[in-house]
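Scroll down for the structure; my scribbles are underneath it.
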Amino acid sequence: MESPAAPYSPSTHPPIIMNKLEVGSLYIMISIPFSIYFGKKKHIYATALPDDPDFPFCTYELMVSQGLSTEEFHWDLYWHTSDSATDELSLPSRNHPVTERAGTNEESGILYRLRPLETCPTTYTRDRLTITRVRSHAQLVGLIRVLTVPPAFIPHLTRYLDWMTAESARVAERSYVWATMAYYRARRHLLKIKGARDHTFNQFDISRFTAELLSFAYAEVPAALFLGGMGLPRPVLGVAMGFLEEEDAEATRCERDTLLRKQREEVGAVTACWYQ
């Protein structure tokens, strides 16, 4: 999937709303913190992205890591491993009103979530929970699909996510960076074991990625606050930044093999190793 030209704008890059969860997909899960959701802490959410095209999205929530503020969203990881019933259809929100009744939604997967420890300064551990009906959870704003693998890779990626999320939680300072970097590491890991490097992902733009996620979150948070306790399924977004599909890895391998073949034909040996 080709990444759009920067900078990101909702007017030029419409959201990729998806009707269902997909087995073998990793999602960034956006939720409203307990204290805000139940009114124990007052917080006014933005209604749209800043108009300034040079707004530094790459420093989003930097004050959290400096201890000067708390996160306005919980950023978790949801790894969808089972889909045993009818998937949900269109969702209620200002962007996409209800058109059909939701299905029974019995799918399940693994939730990876940071949990703060009672330390000073704050440190974190990682909770691993098997959950069902994730889209109907209260406090959920929505899910963002960032990576998809073939069924054969699910057991391997599950083991990797179990290990990687636990280790990275030891040094985490805020859930957004933790979740985003987990996506980054998982994608690079998968391409590496397939014998190829994902060169397009080396152009990963954290500012554009953050802007896309926040645009989605700010648009959906009013509906989450109003409808969260009703059990209605929340939306799923496919980010334009790109996610791992089988054809992505195959295209990268073909590009690598073409380079090697040309080098051997022209000079008799491999003289460049950019793919390493």
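The values are calculated or read from the model by the stated rules, or taken from the named source; none is laboratory data. Keep in mind the model is a prediction, meaning the values are calculated, not measured.
For the reader, a short list of remarks on this structure follows.
- Test result for Leu161, over 26 Å from Leu62 (Cα atoms) and in a helix (DSSP H, G or I): no
- All of (1) at pLDDT 85 or above; (2) in a helix (DSSP H, G or I); (3) not basic (Lys, Arg) hold for Leu191 with one exception: (1).
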